[in-house]
Amino acid sequence: MDGYLLFIFIATATILSPGPGVLLTLTNAIRYGVSGAIGGILGIAFGTFIVAGISATSVGVILATSAMAFNIMKFIGAAYLVYLGVKMWRAPISKLDLSGAGKKGLKNQFIEGLTIQITNPKAVFFFMSIFPQFIDYDSDYVGQFALLVVTYSSLNLVIHFLYAQLARTARRWLSSEKGRRIMNRAGGGTFVLFGIGLASANR
């Protein structure tokens, strides 16, 4: 399987980007500490497997037999990455909502994280348009797809735990206008660069 390292970079940038899942992790960690974010993080990671399974249905067969379909998906994926980058760069700056009641139970945290992930269009589109670019259809499709899913889910766990730790130690900065602006600009620029790189890549 070619481009595995590039896949890790793109997946990392996708997970790092501000979105519903990241906002949930940051908010829970700021309000309740790292332990208060664990349930949501596990729910987000488990939701990855569900979204991957749904998104993978028939996609591999179609892209393996049609070069045109493959190229269409490649350019759609590249355009989506650029779109995310521009949207993130131009996103309005707002402070995190730090209000809320007491700490939620682990089960409720898990369900909340799971729901956010399986209803997140960014995750669905990532699996349908980005994953196929890193699979060799002359080799075992299931094995390669499983590797990418496990990698993506593992990155979800690691990055969200890092976000939770960062939120605990940098509470004031993360909830400030300056902190949110820096996060938006850095993430937006990264997405645009990866979109351009994906569009110019060969099958």
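The values are calculated or read from the model by the stated rules, or taken from the named source; none is laboratory data. Note that the structure is a prediction, hence the values are computed from the model and not measured. Reconstructed Cβ throughout: ideal geometry from the backbone, glycine too, with neighbour counts over all protein chains shown.
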Q | Meets criteria (of a type in the set (D, E, K, R), part of a loop (DSSP other than H, G, I, E, B), in contact with a helix residue (DSSP H, G or I) (Cβ under 8 Å, 6 or more places away or on another chain) and at pLDDT 75 or above) for Asp97 | A | no
Q | Failed condition for Ile111, given (1) at pLDDT 80 or above; (2) at positive phi | A | (2)
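Residues are listed down the side, and each one gets a yes or a no for (1) farther than 16 Å from Val158 by Cα; (2) at pLDDT 80 or above; (3) surrounded by fewer than 16 Cβ atoms within 10 Å (Cβ to Cβ):
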site: Ser17; (1), (2), (3): no, no, no
site: Val22; (1), (2), (3): no, yes, no
site: Ile38; (1), (2), (3): no, yes, no
site: Ile44; (1), (2), (3): no, yes, no
site: Thr48; (1), (2), (3): no, yes, no
site: Ile54; (1), (2), (3): yes, no, yes
site: Val59; (1), (2), (3): yes, no, no
site: Ser66; (1), (2), (3): yes, no, yes
site: Phe75; (1), (2), (3): yes, yes, yes
Q. Does Arg181 meet the test of being touching a Gly at 6+ places or on another chain (Cβ under 8 Å), among the charged types (D, E, K, R) and modelled with pLDDT under 80?
A. no
Q) Taking interchain pairs and intrachain pairs at least six residues apart, which have beta carbon atoms under 9 angstrom, with the first residue in segment 131-158 and over 17 Å from Ser17 (Cβ atoms) and at pLDDT below 85 and the second assigned to a loop (DSSP other than H, G, I, E, B) and basic (Lys, Arg)? A) Gln133/Arg203
